[in-house]
1. Assess whether P40 counts as being assigned to a loop (DSSP other than H, G, I, E, B) and surrounded by fewer than 10 Cβ atoms within 10 Å (Cβ to Cβ).
2. Considering the stretch 1-37 alone, what residues qualify as being part of a loop (DSSP other than H, G, I, E, B), surrounded by 10 or more Cβ atoms within 10 Å (Cβ to Cβ) and within 21 Å of the chain's Cα centre (by Cα)?
3. Between residues in the stretch 54-81 that are over 22 Å from P35 (Cβ atoms) and residues that are part of a helix (DSSP H, G or I), which pairs lie under 9 Å by C-beta distance while being six or more apart or on different chains?
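What follows is calculated from the coordinates using simple rules that are stated; it is not laboratory data. Only a predicted model underlies this, so the values are computations on that prediction, with no experimental measurement involved. For neighbour counting, all protein chains shown are included, and Cβ atoms are generated from backbone atoms with ideal geometry for every residue, glycine included.
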Amino acid sequence: MEVLRRRRARERQHWDDCQDAFSEMLSNTSTHWAPWHVVPADRQWFARLAAAAAIANTLITIAPRYPVLDEDVRQDLLAARAELEAEGPKAKGSGKSR
């Protein structure tokens, strides 16, 4: 236990350097099109809320839309969907019970 205490004391001496390196890393790698979001993780519920808010705000800002497909690509996708649906259960409840 004493070894752990000594190690922690030595690591604390580097705290300011670590914080400076962290700040420099964020400043030099966060861009307008790929920003960093620092999410505090002291409380799990708040971390989840903060992450969800960052994602929601980004989605609102960029207003994503489904791509417009060429008709031949659309038909290929519909055919693939029909094939996959044909492989599945025919009606609700017709599959094997677990």
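1. Criteria met by P40.
2. Those that are part of a loop (DSSP other than H, G, I, E, B), surrounded by 10 or more Cβ atoms within 10 Å (Cβ to Cβ) and within 21 Å of the chain's Cα centre (by Cα): S30, P35, W36, H37.
3. That search, which allows pairs on different chains as well, returns L69/L77.
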